[in-house]
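First comes the structure, then the notes that go with it.
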Amino acid sequence: MKNNIIILGGGQAGIYAAREIRQNDSKSNIKILGEENLLPYERPPLSKDFLLDKKKEEDLYFHSIDVLKNENIEFENISINKVDFENKKLFAKNDNVYSYDSLLISTGSENKKLTLDNNLKNDIYYLRNLEEAKKIKEIISNKNKITIIGGGFIGLEIASSLSQLQKKVIVIEIGNQLMGRIIPKQIADLVQNTHIEHGNEIILNKQIEKITKKNGIYEILLNDNSLIETDFIIAGIGSTPTVKLFENTNLKLDNGIVTNQFCETSIKDVYAAGDVSNFYHPFYERNMRLESYQHAQNHGICAGKNIAGVKTEYTSIPWMWSDQFNLNLQLTGMCDEYDEIIERGNDINNGVIYFFLKNNKIRGACGVGIIGKVGRDIRITSKLTEKDTIVDKQILSDQNLKLNKLIQK
Amino acid sequence: MSEENWIEVGSTDSIEEEDLIRFDHQDKTFCVYKLTDGFYATDGICTHEAVHLEDGLVMDDEIECPMHQGIFNIKSGEALSPPACEDLKTYPVKVDNDKIFIKID
């Protein structure tokens, strides 16, 4: 049967869902509605290779327009401002109306903004999309001392890039460690050392009291009364799911759109995937919302299968990475529920991994090392986690013993 | 097929089964694998981002990039899982007197 399938949100989850639907359904109309006037593109390079000029805009697109044309997937640049779930219609700002049989919401997430009591709002920059990355890249060319507010993945990746561009970088973090929301302190400290070795200044445990501007220079007053002078400010203080459009509807929201393990929302024929979805994970037996490349891709693919009628549970073990300087940091599973921690390796040149175990099974692991050094072990760890394997702790802790010995075939 | 294009990589016992070694020749770099049914070779650098596959995971005839988990079939080079979408180049391999050779074009 021919259906109208609309994908609201032109990011990674949306494009992967669209192509997966087409693989399973050659007849239905598939239309992606994107707010940015760009085909879906990869965001990870924006804070790294794009700022460093190692990747250009044209290198970022997931697929060319020809791929979409060949697969008969439409892409339209439009902003939707109203949804009528009962009559299955979307209304655009330009009065266009879109009817759907199935709807996938993949609107992603948006940056939290600093609350400032003066009119410097437009002076603080954030990085999520290509346009913002272009602006930052242009402005920093004549700035020297740059302050990053927020010591999470995005802030630290920018800090790493700016340092490589010979800028003086200061990172201000409110918490008592970097990347505190998801990264264990042991790993965060290793990453912090690398930033310091490269000349970046890391300030922890400090809150911003006030930001003022004098003669083109910003003054950041911290809660210990210290004052930081800086030429430019970038903030990366977390994100929130993009759900404003659904706030006065019947769609169940709770830190994003609540979905089950099949990407189904509380409304029939409406699905959600990627950053915007607070989904049920059958392995961890709880809901979670993830903001990562792998999740956006795999969750989009899973939603695509379900929309096309191929009932598929989402069981992917979370995985994410961050590249800073010559380090590659990787995280798999969940590192917040454990009764034992096991360390593998103690030299960042060979990779250091911390495993988080509960009842002798791995629930999550986090590692960091020179690029390439932790990926294989982290990947094997994902497999061990997924298979709920009881692990030999001797093998886990001894870097000379290969982890793939633990995989039961 | 001219003989001089066959380049010696090393001895057959230099690679464990279901594993790989890196092999550099002139300005090119390769991965040479030992699978259950023999030896195989591919380009060394992932087609997604410039990362060497030498630290990747070999499993069930597949190599997975250690950085962003793109997966390739070792025998055909086919890109099997995003973010990799461009195939990996493969090279003929032969074993002679317990030595592995790959044919570089």
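The HN-Hα couplings worked out from phi for region B:12-22 by the Karplus form 6.51 cos²θ - 1.76 cosθ + 1.60 (θ = phi - 60°) are 5, 8, 7, 10, 7, 5, 6, 8, 8, 10, 8 Hz, whole numbers, x standing for Gly and Pro.
State the extension gain, in nm to one decimal, for the chain segment bounded by A:Lys358 and A:Lys135, taking 0.36 nm per residue of separation less the distance between their alpha-carbons.
Values: separation 223, 0.36 × 223 = 80.28 nm, distance 4.58 nm.
75.7 nm is the gain from fully extending A:Lys358 to A:Lys135.
Here the calculated FRET efficiency for A:Leu120 and B:Asp19, from their Cβ-Cβ distance with R0 = 45 Å, stands at 0.20, rounded to the nearest 0.05. Given the options A:Ile341, A:Ile146, A:Ile154, which has the most mean-square fluctuation in a GNM of chain A, springs set between C-alpha atoms less than 10 angstrom apart? Most flexible of the set in this elastic network: A:Ile341. Considering only B:Gly38, B:Gly70, B:Gly56, the Gaussian network model of chain B with Cα springs below 10 Å gives its largest mean-square fluctuation to B:Gly38.
For Cα pairs less than 8 Å apart in space and 6+ apart in sequence, what is the mean separation divided by the residue count of chain B, i.e. the relative contact order in percent?
27 percent
With Cα atoms defining each centre, region B:90-105 and region B:1-53 are spaced 9 Å apart in the structure.
Which whole-number percent gives the relative contact order of region A:258-409, counting Cα pairs below 8 Å spaced six or more residues apart? Write out the running numbers ahead of the final one.
Working: 306 pairs, mean separation 24.0, N = 152.
Averaging sequence separation for qualifying contacts and normalising by length gives 16 percent for region A:258-409.
Note on A:Leu221 and A:Asn94: their simple-model spin labels are 4.8 nm apart, each label 7 Å out from Cα toward Cβ. Close amide H pairs (under 5 Å, H built 1.01 Å from N) link B:Thr29 with B:Gly44, residues at least 5 positions away or on another chain. Can you spot the aspartates and glutamates whose alpha carbon is less than 14 Å from A:Lys206's alpha carbon? Ignore those fewer than 8 places along the same chain. List returned: A:Glu173, A:Asp224.
Of the trypsin sites (Lys or Arg not before Pro) in region A:91-136, which ones lie in a loop per DSSP and count no more than 14 other C-beta atoms within 10 Å? Please list the in-between numbers first.
Values: sites: A:Lys93, A:Lys112, A:Lys113, A:Lys121, A:Arg128, A:Lys134, A:Lys135; in loops: A:Lys93, A:Lys112, A:Lys113, A:Arg128.
Taking region A:91-136 and a limit of 14 other Cβ atoms within 10 Å, the loop trypsin sites (Lys or Arg not before Pro) found are A:Lys93, A:Lys112, A:Lys113.
Calculated [222 nm] ellipticity per residue, helices only, for the protein assembly as shown: -5000 deg cm²/dmol; basis is -39500 (n - 2.57) per DSSP H run with n ≥ 4, divided by all residues, nearest 500.
Partners of B:Lys103 within straight-line reach, counting lysines whose Cα lies under 19 Å from its Cα and excluding those fewer than 8 residues away in the same chain: B:Lys28, B:Lys34, B:Lys75, B:Lys89, B:Lys94.
The modelled label-to-label distance between A:Val67 and A:Gln166, using points 7 Å beyond Cα along the C-beta direction, is 3.7 nm. Positive contributions from Lys and Arg (+1) and negative ones from Asp and Glu (-1), summed over other residues with Cβ under 10 Å from the Cβ of A:Asp231, come out at +3. The mean sequence separation of alpha-carbon pairs under 8 Å and at least six residues apart, normalised by the residue count of chain A, gives a relative contact order of 14 percent.
Annotation: amide H-H contacts under 5 Å for A:Lys112 (H modelled 1.01 Å from N, sequence separation of 5 or more, or interchain): A:Ile237, A:Gly238, A:Ser239, A:Thr240. Taking θ as phi - 60° and the Karplus parameters 6.51, -1.76 and 1.60, the scalar couplings of region A:100-113 work out to 9, 9, 10, 10, 10, 9, 9, 7, x, 9, 10, 5, 6, 10 Hz in sequence order, x denoting glycine and proline. Of all the options A:Phe355, A:Phe246, A:Phe279, the one that moves most in a Gaussian network model of chain A with Cα springs shorter than 10 angstrom is A:Phe246.
Which shape class applies to the protein assembly as shown: rounded if a/c is under 1.5, otherwise prolate when a/b exceeds b/c and oblate if not, where a ≥ b ≥ c are the square roots of the Cα gyration tensor eigenvalues?
Here the protein assembly as shown falls in the oblate category.
Find out how many positive minus negative residues lie around A:Arg286, taking Lys and Arg as positive, Asp and Glu as negative, among other residues whose Cβ is under 13 Å from that of A:Arg286. List each step's numbers first, then the result.
Details: positive: A:Arg289, A:Arg363; negative: A:Asp254, A:Glu285, A:Asp336, A:Glu337.
Once all neighbours under 13 Å are counted, the net charge is -2.
Under a 5 Å amide H cut-off, with hydrogens placed 1.01 Å from N, A:Lys82 pairs with A:Phe91 among residues at least 5 apart or on other chains. In order along region A:268-282, the Karplus-derived 3J(HN,Hα) couplings, from 6.51 cos²θ - 1.76 cosθ + 1.60 at θ = phi - 60°, round to 4, 6, 10, 10, 9, 8, x, 3, 6, 9, 9, 9, 7, 9, x Hz, and Gly and Pro are given as x. Screening chain A for whole DSSP H helices with an alpha carbon extent of at least 24 angstrom along the helix axis and a mean Kyte-Doolittle hydropathy of at least 1.6 yields nothing.
By the rule of a C-alpha distance below 19 Å, with chain neighbours fewer than 8 residues away ignored, the lysines paired with A:Lys305 are A:Lys2, A:Lys27, A:Lys31, A:Lys268. Here region A:292-371 was treated as a single set of alpha-carbon atoms; its pair distances binned every 10 Å from 0 give 18, 35, 30, 14, 3 percent. Quick one: if the Förster radius is 22 Å, what FRET efficiency do B:Trp6 and B:Lys89 give, using the C-beta to C-beta distance and rounding to 0.05? Efficiency computed from Cβ-Cβ geometry: 0.85.
Taking R0 as 35 Å, what's the FRET efficiency between A:Glu343 and A:Lys54 from their Cβ-Cβ distance, rounded to 0.05?
Working: r = 33 Å, r/R0 = 0.95.
In this case the efficiency is close to 0.55.
Model label sites at A:Ile390 and A:Asp101, defined 7 Å from Cα along the beta-carbon direction, differ in position by 5.0 nm.
Read-outs throughout are calculated quantities, based only on the coordinates presented, and are distinct from any laboratory measurement. These figures come from a predicted structure and were not determined experimentally. Backbone-built Cβ (ideal geometry, glycine too); neighbour counts: all protein chains shown.
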